[in-house]
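Heads up: the structure comes next, in structure tokens.
Rule-based calculations on the coordinates, nothing more; no lab input. None of the values given here were measured: they were computed from a predicted structure. Backbone-built Cβ (ideal geometry, glycine too); neighbour counts: all protein chains shown.
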Amino acid sequence: MDKQVIKTIIGEKQQEIKEVRLLQRGEIFDSKSRYVLTGIRRAGKSYTLYQDMLNKMSSGMAQVEDFLYIHFEDERIASIEASELGLILDAYWEMYDQKHPYIYLDEIQNITGWEKFARRLAESKHHVMITGSNAKMLSKEITTTLGGSYIPRDIYPFSFEEYLQYYNVKLDKNWEYNPEQRLSVIRHFNEYFYHGGFAESFEQQNKREWLTSLYQKILLGDIVERNKIRNPRVLRLLARKLAESVMQPTTLKRLENIIKSTGDSISQTVLKDYLGYMEDAYLIFSIPNLTSPLTEQQTIMKRYFADNGILNNFFINGETKLLENIVAIQLNKIYHNTEDETRLFYYNKGVEVDFCIPEIELAIQVSYKIDDIDTYDREVGGLIKFLKAFKNYHGIIITWDTERQITEDGISIEVVPVWKWLLNTK
């Protein structure tokens with residue numbers, strides 16, 4: 001690897017830092033700690049790195065020359081190997097002798113064995129922030145190699161609150177009782193609901209085209225190419241069927257039969273691998289049934305997409321699916337399931353409840369509208385039966401625009417519009 005190329009990249013990034021203009025997101029980082037940031041492509045990981053650099057400059061902690069920022073998707077260093085990563089520091093020190101830089105390594109998961117270099121940087125007392133678009137960066141093997149030197153953080157696309165901040169929508173106390181502010185929130189939510197929270201898409205004239213391109217990059221680059229999938233057509237079909245099945249529990253057997261019905265064959269083992277690859281790339285996430293035994297929880301799941309903008313690309317009129325998906329996204333940010341702990345469930349035993357969070361004893365039903373009798377009986381009736389069985393739980397129903405209080409059989413249920421719920425749930 002030519003150090004002159006690395007020096008050029010370092011200089012270019014330092015110039016970018018001076019020119020970038022950002023909306024301050026809520027992420028706060030300790031200047032003495034090191035972080036591994038993961039999340040779906042274009043969620044804002046690079047954005048977060050820039051924000052950290054700008055904060056250091058504005059507080060007087062650093063000047064632009066103190067930053068060593070390398071993006072590993074730059075084609076000029078596409079061939080770099082783990083054994084050559086030390087050249088990055090050598091090149092910096094040839095430019096800035098004796099400086100102890102703040103180091104930012106963007107999308108480093110492309111380099112096999114990167115974690116050993118990252119550990120060496122930590123042992124040398126460097127401040128380091130690393131990003132990647134694959135959950136395997138936080139696998140137990142890599143975490144062991146890092147030796148506990150790094151703090152993991154998930155980075156998500158913009159929340160609805162951040163979306164409003166982006167458009168300079170400032171809400172007063174009790175804003176929901178101000179007709180002008182309420183209408184402004186609803187108007188912005190209509191856009192956010194269908195196009196999601198990828199900040200780069202906000203200024204795009206053709207958002208659907210941009211989101212389609214992003215989806216293709218995730219599918220083909222982060223999943224097919226990285227995992228050497230030989231039949232991407234099956235993966236495309238699987239993604240479509242998962243989109244169509246949002247809101248419904250799906251078994252591996254059912255997905256296997258759907259794929260076989262199209263003329264392709266796939267084993268449940270490979271199918272499970274494909275679903276794992278999609279979760280590793282943060283394209284989807286899954287939640288199990290609260291009442292299922294542990295072994296069954298791994299095979300029967302409700303699966304959701306990481307952003308409504310991507311999910312909406314599969315539909316023409318998908319409002320009911322998009323509504324439940326956007327609620328799932330918000331809950332997943334707060335109660336993210338891990339290999340070691342499951343905090344977010346659905347419930348399906350006699351009655352169906354869309355989401356359950358045992359640690360706060362909350363049951364959530366999602367329904368676009370509850371005006372007609374059948375929908376009311378199904379959604380409200382099911383939730384009341386659940387709340388009678390789980391007496392310490394409280395329940396809410398999230399709708400498109402209905403707000404009211406329901407009391408039946410001594411049980412009270414709050415009905416709240418999704419846009420209001422999103423702004424009040426953090």
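Quick one: what are the phi-derived ³J(HN,Hα) couplings along the range 147-154, Karplus 6.51/-1.76/1.60 with θ = phi - 60°, whole Hz, x for glycine and proline?
x, x, 7, 10, 9, x, 9, 8
Cross-link partners among aspartates and glutamates for Lys32, C-alpha distance below 14 Å, same-chain residues fewer than 8 apart left out?
Those aspartates and glutamates meeting the cut-off are Asp52, Glu123.
Would you mind ranking Asp273, Asp409, Asp377 so that the residue whose beta carbon has the fewest other beta carbons within 10 Å leads the list? If you can, show how the numbers build up before the last one.
Numbers: Asp273 14, Asp409 8, Asp377 11.
In increasing order of surrounding Cβ atoms, one gets Asp409, Asp377, Asp273.
Ser33 to Lys136: extension gain in nm, 0.36 nm per residue of separation minus the Cα-Cα distance?
Once the chain is fully extended between Ser33 and Lys136, it gains 35.0 nm.
If you wrap the chain's Cα atoms in a convex hull and average its projection over all directions, what's the area in nm²?
Details: hull surface 92.3 nm².
Mean shadow area of the hull around the Cα atoms is 23.1 nm².
Say each of Arg378 and His394 gets a label point 7 Å from the Cα, pointing the same way as Cα to Cβ; how far apart are those two points in nm?
Taking the simple label geometry, Arg378 and His394 are separated by 2.8 nm.
Loop only by DSSP, 14 or fewer other Cβ within 10 Å of the Cβ. Give me the trypsin sites (Lys or Arg not before Pro) in the range 19-76 that pass, ordered by residue number.
Details: sites: Arg21, Arg25, Lys32, Arg34, Arg41, Arg42, Lys45, Lys56, Arg76; in loops: Arg21, Arg25, Lys32, Arg34, Arg41, Arg42.
Sparse-neighbourhood loop trypsin sites (Lys or Arg not before Pro): Arg21, Lys32.
By how many nm would the segment from Lys99 to Ile334 grow when fully extended, if each residue of separation counts as 0.36 nm and the alpha-carbon distance is taken off? If you can, show how the numbers build up before the last one.
Details: separation 235, 0.36 × 235 = 84.60 nm, distance 3.91 nm.
My answer for the length gained is 80.7 nm.
Can you sort Leu89, Leu422 by how many other beta carbons sit within 10 Å, fewest first?
Leu89, Leu422
Measure nothing fancy, just the Cα-based angle from helix 86-95's long axis to the longest principal axis of the chain, in degrees from 0 to 90, nearest 10.
That works out to roughly 60 degrees.
Roughly how tilted is helix 45-58, in degrees to the nearest 10 and between 0 and 90, from the longest Cα axis of the chain?
Once rounded, the angle reads 60 degrees.
Please tell me the relative contact order of the chain in percent, rounded to the nearest whole number, where contacts are Cα pairs under 8 Å and at least six residues apart.
On the way: 610 pairs, mean separation 53.8, N = 426.
Normalised by residue count, the contact order of the chain is 13 percent.
Testing the spin-label approximation: label points 7 Å from Cα along Cα→Cβ at Lys369 and Glu279. State their distance in nm.
3.7 nm
For helix 268-280, what angle does its Cα long axis make with the longest principal axis of the chain, in degrees from 0 to 90 and rounded to 10?
Tilt of helix 268-280: around 70 degrees.
With N set to the number of residues, divide the alpha-carbon radius of gyration of the range 350-426 by 2.2 N^0.38 Å and report two decimals. Before the final figure, lay out the partial values.
Working: Rg = 11.7 Å, N = 77, 2.2 N^0.38 = 11.5 Å.
With N residues counted in the range 350-426, Rg over 2.2 N^0.38 Å equals 1.02.
May I ask you to derive the relative contact order of the range 3-154, considering only C-alpha pairs under 8 Å and at least 6 residues apart, and to give it as an integer percent? Don't skip to the end; give the middle numbers.
Numbers: 196 pairs, mean separation 53.9, N = 152.
Reported relative contact order: 35 percent.
Tell me whether the range 3-154 comes out rounded, prolate or oblate; compute the Cα gyration tensor, take square roots of the eigenvalues as a ≥ b ≥ c, and use a/c under 1.5 as the rounded threshold. Each step should come with its number before you reach the end.
Values: a/c = 1.35, a/b = 1.08, b/c = 1.24.
Verdict is rounded for the range 3-154.
Quick check: from the Cα gyration tensor, does the range 214-268 come out rounded (a/c under 1.5), prolate or oblate?
Values: a/c = 2.23, a/b = 1.36, b/c = 1.63.
The shape class here is oblate.
Given Cα pairs under 8 Å that are at least 6 residues apart, what percent is the relative contact order of the range 82-149? Before the final figure, lay out the partial values.
On the way: 56 pairs, mean separation 24.2, N = 68.
With pairs under 8 Å counted, the relative contact order is 36 percent.
Enumerate by residue number the chymotrypsin sites (Phe, Trp or Tyr not before Pro) in the range 281-376 meeting two conditions: DSSP loop (anything except H, G, I, E, B), and at most 15 other Cβ atoms within 10 Å of the site's Cβ. Intermediate results must be reported in sequence, preceding the final value.
Numbers: sites: Tyr282, Phe285, Tyr304, Phe305, Phe314, Phe315, Tyr335, Phe345, Tyr346, Tyr347, Phe355, Tyr368, Tyr376; in loops: Tyr282, Phe314, Phe315, Tyr335, Tyr368.
Loop-located and lightly packed - Phe315.
Indicate the gyration tensor shape class of the range 289-377 (rounded, prolate or oblate), computed on the Cα atoms with a ≥ b ≥ c the square roots of the eigenvalues: a/c under 1.5 is rounded; otherwise a/b larger than b/c is prolate and the rest oblate. Numbers along the way, then the final one.
Details: a/c = 1.81, a/b = 1.25, b/c = 1.45.
It is oblate, given that a/c is not under 1.5 and a/b is not larger than b/c.
Can you tell me what share of the DSSP beta bridges in the chain is antiparallel? A percent to the nearest 5 is fine.
Numbers: 19 of 46 bridges.
If I count the DSSP bridges inside the chain, around 40 percent turn out antiparallel.
Where in the range 63-89 does the label zone of Thr145 land, with the point 7 angstrom along Cα→C-beta and an amide N cut-off under 11 Å?
Answer for this model: 82-83.
Just want the ordering: Thr399, Thr251, Thr338, from fewest to most Cβ atoms lying within 10 Å of their own Cβ. Each step should come with its number before you reach the end.
Numbers: Thr399 22, Thr251 13, Thr338 10.
Result, fewest neighbours first: Thr338, Thr251, Thr399.
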